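Here is the structure we will look at.
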Amino acid sequence: MPMDIHVGDILELKKAHPCGSKEWTVLRVGMDFKLKCRGCGHEVMTPRAKAEKSVKKVKREGEAL
């Protein structure tokens, strides 16, 4: 069952990006996710299954960060 992830959500991943940030903004959802690093701005496309395995926490747009 796919996770409930929407465009604009902020994902906290288990492993940090080389820039040191663990937070990514969701730019596109579907079979692949397009994610943008909140630390350096790097954008990546990753398969949904791989992205969902590495998610630690999902923060919604309206929630306090």
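Per-structure values
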{"quantity": "Which labelled figure in [x] 34; [y] 31; [z] 53 is percent of Cα pairs over 17 Å apart, once derived from the coordinates", "calculated": "[y]"}
{"quantity": "Accessible area per residue, Å², the chain with all protein chains present, probe 1.4 Å", "calculated": "67"}
{"quantity": "Reach of K22 by Cα under 15 Å, taken over aspartates and glutamates that are not fewer than 8 positions away in the same chain", "calculated": "D9, E12, E43, E52"}
{"quantity": "With every protein chain in place, the chain: carbon and sulfur % of accessible area (1.4 Å)", "calculated": "54"}
{"quantity": "Charge dipole of the chain about the Cα centre (unit charges at C-beta), most positive-ward option of P47, M31, M3", "calculated": "P47"}
{"quantity": "Student exercise, the chain dipole from Lys, Arg, Asp, Glu Cβ charges, in Debye to nearest 20", "calculated": "260"}
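The values are calculated or read from the model by the stated rules, or taken from the named source; none is laboratory data. Being a predicted model, the structure only gives us computed values, none of them experimental. Methodologically, a virtual Cβ is constructed for each residue, glycine included, from the backbone with ideal geometry; neighbour enumeration extends over all protein chains shown. All accessible areas refer to the heavy atoms of the entire protein, side chains included, with ligands and DNA or RNA removed. Shrake-Rupley method; radii C 1.70, N 1.55, O 1.52, S 1.80 Å.
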